[in-house]
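The structure appears right after this line, and notes come after that.
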Amino acid sequence: MATTLTSAGFNTASPLNQTQTKIVQKAAVIDQRNVARKPVTLYAVIVDNMFATASNDKVWFRLYDDVSDSWNPTNTKSLMGFPVEKYLGAGNQLNGTFQAVFSRTGITFGKGISIAASLGTGSDVGGEITATSSNPATDVAVELVHS
Amino acid sequence: MSFRTTRIKGTKEADGLEIVIPAPNETLGANATPELDVTNPGTTPKLFSIVIDCLDNPGENVTLRLYDKISSLTVGTDNAHVWIPGERGRRTELEFSVGIPFALGMSVAVVKGAGGTAGADNPTGFVKVTLRVKETA
């Protein structure tokens, strides 16, 4: 099941607000700090930058093997990350406004999954989130399939 | 280390490229010394699949880092464009359904541990990486 996360939920300057954004996974409601609160194997992730307008840049999406209370995307190394392209104009929605990643073998998250995203501009093109990273300008939708 | 490329024909990634690091018969696996510009010069590759083989690296997890940069690359300082974990003692396979473009080209490194930026330690064991890309002139 897909859920839209508001850009304010990916607040890179302060700990994520657990009440502000929710991820709906099957019948459970889980906040983005702990997308999965137990060891899991990730088989697919779909990230949709569908709301980005032509003036907005692509975003970088990251997954973390950390569900601790101290987790903050500005001081934790992510396990994996990739870009999701910006809107490319009418009729081009399938040319890069989303990214679907599938793993036949699965990717193990020994503690659980937390997620974060940032706007890919300036020095924050790729790599880890820093204190100066910016939020995505528009909503980003995320769907995860895991054990 | 060096790498081998094979032209792919007649697949859904028609006119694609398979990149294998290291090349066959190499004794040194993929590591923190980057392989620069692994696709053909003058092309912009689009990444579609990754295989990270850590069957002979049972000691620790690694991270495959792909950089959108073809020169003056410093592993541990430069930000990776894409970074994927390779679990110790097993294979990790991944596919990107719409591909991930690299505007400048692609360079590759594998480091011990996690993260998309810091860290430049070589894996302890032998790690092999296979990438499939489609090149655009």
Unit Cα scatterers, Debye sum, chain B: log10 I(q)/I(0) for q = 0.17, 0.21 Å⁻¹: -0.84, -1.29
Nonlocal amide H pairs with B:ASN61, under 5 Å, H built at 1.01 Å: B:ARG88, B:GLY113
Distance (nanometres) between label positions extended 7 Å along Cα→Cβ at B:THR136 and B:SER71: 2.4 nm
When each of A:LYS86/B:LYS112; A:LYS86/B:LYS46; A:LYS86/B:LYS134; A:LYS77/B:LYS69; A:LYS77/B:LYS134 is checked by Cα-Cα distance, pairs over 26 Å: A:LYS86/B:LYS112; A:LYS77/B:LYS134
Whole-Å distance, taken between Cα centres, linking the range B:68-108 and the range A:46-86: 15 Å
Charge dipole (the range B:66-137, unit charges on Cβ, about Cα centre) - positive-most of B:GLY99, B:SER72, B:THR130: B:THR130
Cα shape, the range B:58-137, gyration tensor, a/c 1.5 rule: oblate
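Computed from the coordinates by the stated procedures, all read-outs in this text should not be read as laboratory data. Worth saying up front: this structure is predicted, and the values here are computed from it rather than measured. With ideal geometry, Cβ positions are generated from the backbone for all residues, glycine too; neighbour counts draw on all protein chains shown.
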